[in-house]
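What follows is a set of notes on a single structure, which appears directly below.
Every number in this text was worked out from the coordinates using simple rules, so none of it is lab data. Treat the numbers as computed from the prediction; the structure is a model and nothing was measured. For neighbour counting, all protein chains shown are included, and Cβ atoms are generated from backbone atoms with ideal geometry for every residue, glycine included.
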């Protein structure tokens with residue numbers, strides 16, 4: 001083949017490929033968009049996914065459905081997404097606990113970073129360190145001294161192994177040099193109830209379920225685990241202000257997509273979700289949950305997920321936490 005003809009043909013094919021990709025993005029979506037949630041209904045990933053789904057339907061006119069695929073340490077939901085074509089019609093709604101999965105289940109059927117690509121961060125929530133009012137402490141430092149005085153005799157509760165409350169509790173033990181027994185609960189309300197009744201000593205917990213308990217004196221807040229104070233509890237210092245900046249941790253949420261999805265489709269989805277997040281309706285809905293709105297490009301969210309996987313893998317290894325799906 002004449003070299004000039006070959007180069008001309010190759011160039012045409014290249015431009016043709018770009019045109020096809022652009023046409024694919026312009027015709028997207030060609031079917032229902034599914035947002036797969038790896039947890040049960042009414043959990044944070046589910047609630048956020050439904051807020052985003054409604055906003056996308058309203059703003060874009062797309063048909064978006066949310067499907068809960070809970071179980072096996074979130075692997076059922078992940079594998080459901082990976083079983084679908086990489087065409088942008090199946091999204092994966094996640095929150096920060098999934099970053100612990102590579103450390104907790106190193107033999108999982110998928111690789112969170114290699115098999116998925118970031119789409120967008122949807123929001124940021126906050127945890128608070130709380131104790132029962134009968135515990136004679138009023139600061140993080142006093143709690144640490146109290147725990148060291150009766151080493152190993154106190155308990156901290158969580159909503160289960162591998163949850164943020166559990167991992168924050170283990171990181172707290174490592175950083176502060178204290179001993180306490182982890183008490184996991186299957187029913188989250190029971191964990192709160194037992195803390196209020198004094199069965200357990202302390203817990204790291206999302207702000208929303210305990211704000212009123214703190215304001216009415218049924219629980220005592222010692223520190224916000226995020227990088228800044230929050231409007232709901234303005235008098236509660238951050239964990240950095242309490243002297244432990246390494247413990248700062250935020251509950252982020254976002255959406256992943258199957259790796260290999262065409263870049264123009266990813267860009268269109270990112271722009272659509274970003275636009276939805278910026279609407280007043282979504283911002284108000286997130287504010288009621290105590291969540292700061294996310295948004296922005298995919299790359300920063302990917303960097304966040306990467307750093308969180310590394311962080312929690314270290315904590316899991318040092319705390320010798322083992323779990324199987």
Within the chain, the percent of DSSP beta bridges that are antiparallel, given to the nearest 5, stands at 65 percent
On the formula 1/(1 + (r/R0)^6), with r taken between the Cβ atoms of residue 263 and residue 190 and R0 of 51 Å, the FRET efficiency rounded to 0.05 is 0.65
Tilt, helix 140-149 to longest principal axis of the chain (alpha-carbon atoms), in degrees rounded to tens, equals 60 degrees
Using alpha-carbon positions, the gyration tensor of the stretch 126-247 gives root eigenvalues a ≥ b ≥ c; with a/c under 1.5 called rounded, otherwise prolate if a/b exceeds b/c, else oblate, the class is rounded
Scoring the chain by relative contact order with C-alpha pairs under 8 Å, at least six apart, yields a percentage of 26 percent
Dividing the mean separation of Cα pairs under 8 Å (6+ apart) by the residue count of the stretch 126-247 yields a relative contact order in percent of 37 percent
Checking rank on 250-261, 104-115, 173-184, with mean other Cβ inside 10 Å and highest first, the result is 250-261, 173-184, 104-115
Checking rank on 158-167, 68-77, with mean other Cβ inside 10 Å and highest first, the result is 158-167, 68-77
Measuring from the longest principal axis of the C-alpha atoms of the chain, the long axis of helix 44-60 (C-alpha) lies at a number of degrees, nearest 10, equal to 40 degrees
So residue 181 and residue 65, fully extended at 0.36 nm per residue minus their Cα-Cα distance, gain in nm 37.7 nm
Contour minus Cα-Cα span, residue 281 to residue 26, at 0.36 nm per residue, comes to 89.2 nm
Per its Cα gyration tensor (rounded if a/c is under 1.5, else prolate when a/b beats b/c, else oblate), the stretch 164-311 is best filed as prolate
Given a Förster distance of 45 Å, the FRET efficiency implied by the Cβ-Cβ spacing of residue 153 and residue 83, rounded to the nearest 0.05, works out to 0.40
Nearest-0.05 FRET efficiency for residue 57 and residue 134 at R0 = 35 Å, using Cβ-Cβ distance, is 0.10
Placing each pseudo-label 7 Å from Cα in the direction of the beta carbon, residue 317 and residue 303 end up separated by a distance in nanometres of 2.3 nm
In degrees rounded to 10, the 0-90 angle between helix 263-277 Cα long axis and the longest Cα principal axis of the chain is 50 degrees
When 51, 199, 144 are ranked with the fewest other C-beta atoms within 10 Å first, the list becomes 199, 144, 51
The extension gain from residue 142 to residue 229, computed as 0.36 nm times the residue separation minus the Cα-Cα distance, is 29.3 nm
